[in-house]
Amino acid sequence: MCGIVGYIGNKFVDSVLVVGLERLEYRGYDSAGIATISSGELFVCKKKGKLKALNDCLKEAGLGGNIGIGHTRWATHGEPSEINAHPHTDCKNEIAVVHNGIIENYQTLKEDLVARGHFFKSETDTEVIPHLIEENISEGLETAVRKAVAKIKGSFSICVISESEPDKIITAKFGSPLVIGLGKNENFIASDVTAILPHTKQVIVLNDGEIGIVSEEKITVTTPWGDTINKEVETVSWKAEDIEKGNYQFFMQKEIFEQPKIIETVISKKVTAGNIITLEEMNLSNNYLAKVKRIIIQACGTSWHAGLIGKYWLEKYAHIHTEVDVSSEYRYRNPIAEGDTLMLAISQSGETADTLAGIREGKSKFIKVLSIVNVVKSTIARESDGIIPIMAGPEIGVASTKAFTAQLTALYLFALQLGKLNYTISDTEAKNKLEGLIEIPKIMNAVLKRQDEIIKLSEKYYQKKNFIFLGRGINYPNALEGALKLKEISYIHSTGYPAGEFKHGPIALICEDTPVICLAPKDELYIKMISNIEEVKARKGKIISIATQGDTRIQSLSEDVFFIPECHEDISPIVTVLPLQLLAYHIAVKLGFDVDKPRNLAKSVTVE
Ligand code: M6R
């Protein structure tokens, strides 16, 4: 986690860095800081808390210069505090470093450095880096950085500046993401492209083990041993306005409302005339796909929930046995994977450390990996054999919303495609299902238009201390997703359960004060779901149902109902999740929380 930025050029360095950090704040917001070099002298300004605190201190400090680095922190080693905030410096305060990632052998390095007379100020793992660089700075900054990174074990990316060479930033990627943005007589460095999008769309994406030497006029990328690498300059397709909030109070709300348009775009780009599904970036031949006998889906958080829904489609349409794992479990359970197994990795950011490790585990067993990603220049995208881009645009809110429904759409199309290839679904059936999907954006818009009904529900229930979410079949994963959305942004305890399993223990939690949100659209398990709702009602649980328009039976059982329009039952999760996202959002707003930056979290989880 953590976000790092660097800038060298003629603009006001502190404002370029701060704007960059604002875009990266979703990666962590325990503290923020920047370092610049002005008139040959290094200045550091850092503060605990969100960027606002740093901004206030920068106004007073009035830093100048044309080179600087910045950092926004998600604490790993050492509590959130000003001392532990980055940038960190060497003994003489001449070298400054910002770092994203973890240094696993920092304790040994620190003990050795202390024994050699270095003085440490913080509790962080990062601080060993400026001290290691300091030891060889007489050989030049570039060499000193190379020698330092050679001693570090872990996953990290860094930016370094030094008074001794105030015309360059040295940056290195060993695990955590890093891009260099190209400008005219200026260059940028950042953990991800959103930080530099207001300035440039031309980027060089660093791979692991690459070191960048960035000056105003020139960018050189080398191996750890100093051999120059010819890097491709890529153009980012995202637009600067994609990272603006517009008239919305929070990014999460904007992203919820963007969903119908995104699904429409995904469909229009991937379903061509005559209902042909084209997943070109997949890079896997039909011949190969037709031989796939088993699919392993691995992902984290909301992406894992999307995978759980994908399993229903893959097994139903393509008749392929599908397992779904959370990546942090998958990677350590010594999974069996043979030649006819395909791994599907799902990740919005494409940088999640556990998912990436799962991919590497799969590749070490020689299975092909197809990733469903939003950030197409991410490490996961680049390490996979092929990708299905979900085209959701930058997702800034820490709580994932638009990526989820776009992932579902991609999974649905992929399952239909495999079904057609395996002849387990006829062309006519596939055509009918695609027609159902094409209707979805319209249905989503109709649901979102009724936001006011959800606001009323949020006003009624926002003070409750516990929530339970229940669903069955294809809507069970949405019970997990609804509970995750609510707990991560409103800090209310909530739990999701398969409704049929509820009576095996958790039903003991039911009391008059516990709202139970029941996902009960008209599908093949509807009657079973009704029985489960009756069981909860008999124990005085307060039922809030998400049900299909016109369902009078459910109305009589529920305290409140939010109706969704009728849609094809297999794709109902793309619709039933919308009221859950809105409810979590409005409860968190009502409670006065910073919805886009919930406590303790970061958008992109790049540590294990
Ligand atoms: O970028 P990824 O999709 O790999 O991220 C996975 C999870 O960290 C993410 O979905 C997380 O659970 C969100 N905060 C959920 O809203």
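Brief remarks follow.
- Any chance Leu557 is surrounded by 16 or more Cβ atoms within 10 Å (Cβ to Cβ) and within 16 Å of the ligand (Cβ to nearest atom): no
- Within this structure, Thr495 fails the test of being of a type outside the set (Lys, Arg), crowded, with 16+ Cβ neighbours inside 10 Å and in the same structural domain as Ala318 (by TED's automatic domain parsing).
- Test result for Thr72, at pLDDT below 95, in the same structural domain as Thr220 (by TED's automatic domain parsing) and more than 25 Å from Glu217 (Cα to Cα): yes
- Restricting region 390-424 to residues that are at pLDDT 95 or above and of a type in the set (Val, Ile, Thr), the residue that is farthest from the chain's Cα centre (by Cα) is Thr424.
- Filtered residues of region 571-595 (kept if within 30 Å of Tyr412 (Cα to Cα), open to solvent by 10 Å² or more (accessible area, probe 1.4 Å) and not hydrophobic (A, V, I, L, M, F, W, C)): His586
- Identification of helices (runs of 4 or more DSSP H) wholly contained in region 333-421 with 1 or more residues that are more than 14 Å from the ligand (Cβ to nearest atom), open to solvent by 20 Å² or more (accessible area, probe 1.4 Å) and hydroxyl-bearing (Ser, Thr, Tyr) yields 353-364.
- Filtering region 498-518 to residues that are touching a Lys or Arg at 6+ places or on another chain (Cβ under 8 Å) and surrounded by 14 or more Cβ atoms within 10 Å (Cβ to Cβ) leaves Pro498, Ala499, Gly500, Ile507, Ile510, Thr514, Pro515, Val516.
- Yes/no for Ala195 being small (Gly, Ala, Ser), closer than 28 Å to Phe12 by Cβ and not assigned by TED's automatic domain parsing to the domain that holds Thr379: yes
- Region 136-151: number of residues that are acidic (Asp, Glu) and in contact with a strand residue (DSSP E or B) (Cβ under 7 Å, 6 or more places away or on another chain): 1
- Test for Gly301: is it open to solvent by less than 70 Å² (accessible area, probe 1.4 Å), touching a strand residue (DSSP E or B) at 6+ places or on another chain (Cβ under 7 Å) and among the small types (Gly, Ala, Ser): no
- Yes/no for Leu519 being under 26 Å from Gln259 (Cβ atoms) and touching a strand residue (DSSP E or B) at 6+ places or on another chain (Cβ under 6 Å): yes
- In region 596-608, the residues that are within 12 Å of the ligand (Cβ to nearest atom) and open to solvent by 20 Å² or more (accessible area, probe 1.4 Å): Lys597, Asn600, Leu601, Lys603, Val605
- Among the residues of region 135-164, those that are open to solvent by less than 40 Å² (accessible area, probe 1.4 Å) and either outside the structural domain of Ile211 (by TED's automatic domain parsing) or over 23 Å from the mean Cα position of the chain (by Cα) (or both) comprise Asn136, Gly140, Leu141, Ala144, Val145, Arg146, Ala148, Val149, Ile152, Val160, Ile161, Ser162.
- Strands (runs of 3 or more DSSP E) within region 132-236 that include 2 or more residues without any contact (Cβ under 8 Å) to a residue 60 or more places away in the chain: 154-162, 169-174, 179-182, 202-205, 210-214, 219-222
- Qualifying residue in region 93-107 (condition: open to solvent by 10 Å² or more (accessible area, probe 1.4 Å), hydroxyl-bearing (Ser, Thr, Tyr) and at pLDDT 90 or above): yes
- Scan region 19-36 for residues that are within 29 Å of Glu217 (Cβ to Cβ) and either open to solvent by 10 Å² or more (accessible area, probe 1.4 Å) or acidic (Asp, Glu) (or both) and the total you get is 3.
- Residues (β-branched (Val, Ile, Thr) and either closer than 30 Å to Ala353 by Cα or within 16 Å of the ligand (Cβ to nearest atom) (or both)) located in region 260-317: Ile262, Ile263, Thr265, Val266, Ile267, Thr278, Val292, Ile295, Ile296, Ile297, Thr302, Ile309
- Here Lys254 passes the criteria (1) in a helix (DSSP H, G or I); (2) touching a helix residue (DSSP H, G or I) at 6+ places or on another chain (Cβ under 6 Å) except the one numbered (2).
- Residue list for region 70-81, filter: open to solvent by 10 Å² or more (accessible area, probe 1.4 Å) and touching a helix residue (DSSP H, G or I) at 6+ places or on another chain (Cβ under 9 Å): Trp74, His77
- Within the set Ser604, Ser558, the sole residue that is among the polar types (S, T, N, Q), over 22 Å from Cys300 (Cα atoms) and in contact with a helix residue (DSSP H, G or I) (Cβ under 9 Å, 6 or more places away or on another chain) turns out to be Ser558.
- Verdict on Thr322 being away from the ligand (no atom under 16 Å from the Cβ), open to solvent by less than 50 Å² (accessible area, probe 1.4 Å) and modelled with pLDDT of 95 or more: yes
- Leading residue by the ranking (most open to solvent (accessible area, probe 1.4 Å)) among those in region 44-69 that are in a strand (DSSP E or B) and among the basic types (Lys, Arg): Lys48
- Check on Gly436, among the small types (Gly, Ala, Ser) and buried (at least 21 other Cβ atoms within 10 Å of the Cβ): no
- Test for Ser572: is it closer than 25 Å to Gln259 by Cα and more than 16 Å from the ligand (Cβ to nearest atom): yes
The values are calculated or read from the model by the stated rules, or taken from the named source; none is laboratory data. The model shown is predicted, which means the values in this text are computed figures rather than measured ones. In this analysis, Cβ positions are derived from the backbone assuming ideal geometry, glycine residues included, and neighbour counts consider all displayed protein chains. Side chains are part of the model used for accessible areas, which takes the heavy atoms of the whole protein and leaves out ligands, DNA and RNA. Shrake-Rupley method; radii C 1.70, N 1.55, O 1.52, S 1.80 Å.
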